[in-house]
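*Asks:* There's a structure below that I have some questions on.
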Amino acid sequence: MTLYFASTTAPVNIATLKYWGKRDKDLNLPTNSSISVTLAQDDLRTLTSVCTGPELTDDKLVLNGKEESLASERTQNCLKDLRQLRKELENSDAKLPKFSEWKLTIVSENNFPTAAGLASSAAGFAALVVAIAKLYQLPQSLSEISKIARKGSGSACRSLFGGYVAWEMGNETDGSDSKAVEVAPMAHWPDMKAAILVVSASKKDTPSTSGMQLTVKTSDLFKERVRDVVPRRFEEMKKSIREKNWPLFAELTMKDSNSFHATCLDTFPPIFYMNDTSKKIIKLCHQINAFYNETVVAYTFDAGPNAVLYYLKENEHKLFAFIYRTFNKVSGWETKFSSDELAQFI
Ligand code: 2P0
């Protein structure tokens, strides 16, 4: 049997300026632009391998060792677009094998819990689309390919790039330019670090897709967020990244997480993604920053209770002294603070 293979990994990205709301459900066009930080390749990621050959009889997906359906409209849209681009390539060069007419086998594996608000769909669709684009040897730029990943899951378009990424909402007419672009590579700000506090690894109650549409339909707060708050923050946050302005980046990140969760609460009926532990983490972060009288840590929460903390490498010990003490998880962490100093924050 003749088979052709390609593999890729796509990391999870965590939004610091949140995408929440679609203006076109079929094309996954967002109601606002967003910004994210992509985690390192060897942290949370999806590994996807694809193969094609003339003798394969069906498209097939194996996710985390289990065969899953490829029937969803989103997946079918991605496959259709990728096959179309490959077909254009084959039409321009008759010697190319007819990949566009053959079936695909896709094997995908996450190294973290699926659908627990850790952006698994982002890494999943990004890896799927990039692996097939690689197999098909498509000449399009990553930004162009990101438009296809976007149709799989909005936030997936941002996982095609490492580092700091903007997803531009695109024009109001047809959104044909709604794509991901790099704001700065990871190496631009090597001191920036992220930590994930896994509060719960179970599946989220309200899936993002239905949750955000209910917000669009019912929240008054959301209208203000989309009209004024996010467009302003989009420019400010890009500038803070380019200028490595940590206090500003941190403040915008925390405020936007709070604004997103406020619109969830303003949805009717309300959506709760954070739980009491999440709220305890928020309080602790503000206490840590107040204690040092500087911005040591910034938090952000997606559509789930897990916290993502951003901090500068030089402040790692300042942050984790408090985190470990508060959550009693790890003993033996070196800290220059006495128990009394730490105790006042618990
Ligand atoms: C984000 N989230 O910007 C926001 C913040 C969750 C909270 O993107 O319907 O899984 O597949 O486009 O991308 C989650 O939404 O939704 C998300 P679909 P997606 O990361």
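Read-outs: derived from the displayed coordinates by stated rules, not from any lab. Predicted, not measured: the structure shown is a model, and the values here were computed from it. With ideal geometry, Cβ positions are generated from the backbone for all residues, glycine too; neighbour counts draw on all protein chains shown.
*Asks:* Could you point to the residue in SER200, VAL181, ILE132 farthest towards the positive end of the chain's charge dipole, with +1 and -1 charges on the Cβ of Lys/Arg and Asp/Glu respectively?
*Replies:* My answer, from the dipole projection, is SER200.
*Asks:* At a 10 Å Cβ-Cβ cut-off, how would you order ARG86, ARG232, fewest neighbours first?
*Replies:* Sorted ascending by nearby Cβ count, the order is ARG232, ARG86.
*Asks:* Do the alpha carbons of any pairs in LYS18/LYS80; LYS217/LYS280; LYS193/LYS279 sit beyond 23 Å of each other, and which pairs?
*Replies:* Where the Cα-Cα span goes over 23 Å, the pairs concerned are LYS18/LYS80; LYS217/LYS280.
*Asks:* Taking the Cα centre as origin and putting +1 on Lys and Arg beta-carbons and -1 on Asp and Glu beta-carbons, what dipole magnitude results for the stretch 207-246, to the nearest 20 debye?
*Replies:* 140
*Asks:* With everything on Cα atoms, drop me the angle between helix 142-152 and the longest principal axis of the chain, reported from 0 to 90° to the nearest 10.
*Replies:* 90
*Asks:* So, one more: Which of THR105, THR75, THR263 comes first, and how do the rest follow, when ranked by fewest Cβ neighbours within 10 Å?
*Replies:* Ascending number of Cβ neighbours within 10 Å: THR105, THR75, THR263.
*Asks:* What shape does the chain take by its C-alpha gyration tensor, where a ≥ b ≥ c are the square roots of the eigenvalues and a/c under 1.5 counts as rounded, a/b above b/c as prolate, and the rest as oblate?
*Replies:* Judged from the Cα gyration tensor, the chain comes out prolate (a/c at least 1.5, a/b above b/c).
*Asks:* Further question on the same structure: By how many nm would the segment from ALA262 to VAL198 lengthen if fully extended, with 0.36 nm per residue of separation less the alpha-carbon distance?
*Replies:* Length gained, ALA262 through VAL198: 20.9 nm.
*Asks:* Rounding to the nearest 10 and keeping the result within 0 to 90°, find how far the Cα-based axis of helix 73-92 lies from the longest principal axis of the chain.
*Replies:* 50
*Asks:* Tilt of helix 230-242 relative to the longest C-alpha principal axis of the chain, in degrees (0 to 90, nearest 10)?
*Replies:* Helix 230-242 and the main axis of the chain meet at about 80 degrees.
*Asks:* Using the crude model of +1 on Lys and Arg Cβ and -1 on Asp and Glu Cβ, and no other charge, please compute the dipole size for the stretch 193-343 relative to its Cα centre, in debye to 20.
*Replies:* The dipole of the stretch 193-343 has a size of about 300 debye.
*Asks:* How big is the dipole moment of the chain about its Cα centre under a simple scheme where the beta carbon of each Lys and Arg is +1, that of each Asp and Glu is -1, and everything else is neutral? Debye, nearest 20, please.
*Replies:* That gives the chain a dipole magnitude of about 200 debye.
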